[in-house]
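Notes for the one structure printed next.
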Amino acid sequence: FKMRNILQEFSKDRGHGPPTILGLREHIFTGSVSSLAWFMSYQETSFVTIGQRLLANPLRVRFHYGHPDIFDRIFHITRGGVSKASKTINLSEDVFAGYNSTLRRGFITYHEYMQVGKGRDVGLIQISKFEAKIANGNSEQTLSRDIYRLGRRFDFFRMLSCYYTTIGFYFSSLISVVSIYVFLYGQLYMVLSGLQKALIIEARVHNIQSLETALASQSFIQLGLLTGLPMVMEIALERGFYTA
């Protein structure tokens, strides 16, 4: 019943011409299989709602991520199609359809009044391989000419937004993981060498609050909670703060 409504979006002109890709949200129905599947379903829910909502408007850097999007068929088959030939540099083949659409003055929108059910990986090995495939494909995207052309044609703020949606997210994740290891091994070294005890005594004698805060081990927990904050906020928005 809603398909006619969503197809009518192609006839709307929002100042950038009619849309060429209509993005839809997903409902992951395999979350009850295991605890890992439950977490992956909620993580995916936060990405297909609050994440893509922000990418589409106002950042305008939403592409195609293999989700149940609707394409303008005539637009894409007359402008190079949606597929790529190389299985190496185009490992994440779906996102290049969004690159092609944007480079050819297409307009990608996102709509949440219609959602499509989807099953996701439920095992630890399956999830690990899927995440590795996504990360590998993302690194290959940086070598492609499509990203080069996008970077040359975007304005400064849109270019930064595009950077974070591609390699920037994984680079920031790498920095977070490395910083956690440095923090933990640094704490271990200070505890075993007796340096931490001396620093705490020195901070209390001279009333240096900033030094005590820097030595606090709860910073490690706060860093992990910060990465899951978008998921918590989206669950609170849709199902209430008690469920979140």
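One table, with the values for the structure above:
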read-out: Unmet requirement for Thr142, which otherwise passes all of (1) surrounded by 15 or more Cβ atoms within 10 Å (Cβ to Cβ); (2) touching a helix residue (DSSP H, G or I) at 6+ places or on another chain (Cβ under 7 Å); (3) among the polar types (S, T, N, Q); value: (1)
read-out: Within the stretch 110-142, considering residues that are in a strand (DSSP E or B) and aliphatic (A, V, I, L, M), the one nearest to Met3 (Cα to Cα); value: Met114
read-out: Residue ID - farthest from the chain's Cα centre (by Cα), chosen from residues in the stretch 53-78 that are among the charged types (D, E, K, R) and buried (at least 16 other Cβ atoms within 10 Å of the Cβ); value: Asp72
read-out: Test: Arg149 is in contact (Cβ under 8 Å) with a residue 12 or more places away in the chain, surrounded by 14 or more Cβ atoms within 10 Å (Cβ to Cβ) and among the charged types (D, E, K, R); value: no
read-out: The one condition in (1) of a type in the set (Val, Ile, Thr); (2) in contact with a Lys or Arg (Cβ under 6 Å, 6 or more places away or on another chain); (3) touching a residue at least 24 places away in the same chain (Cβ under 8 Å); (4) crowded, with 18+ Cβ neighbours inside 10 Å that Val48 fails to fulfil; value: (3)
read-out: Ser46 being within 14 Å of the chain's Cα centre (by Cα) and farther than 24 Å from Gly17 by Cα; value: yes
read-out: Check on Ile77, free of Cβ contacts under 8 Å to residues at least 12 places away in the same chain and more than 30 Å from Leu229 (Cβ to Cβ); value: yes
read-out: Within the stretch 1-39, considering residues that are hydroxyl-bearing (Ser, Thr, Tyr) and touching a residue at least 24 places away in the same chain (Cβ under 8 Å), the one nearest to Arg105 (Cα to Cα); value: Thr20
read-out: Residue within the stretch 22-30 that is buried (at least 16 other Cβ atoms within 10 Å of the Cβ), part of a helix (DSSP H, G or I), in contact with a His (Cβ under 8 Å, 6 or more places away or on another chain) and of a type in the set (Asp, Glu) present; value: no
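Every number in this text was worked out from the coordinates using simple rules, so none of it is lab data. Please read these numbers as outputs of a predicted model, since none were measured by experiment. No Cβ is skipped: glycine too gets one built from the backbone with ideal geometry, and neighbour counts run over all protein chains shown.
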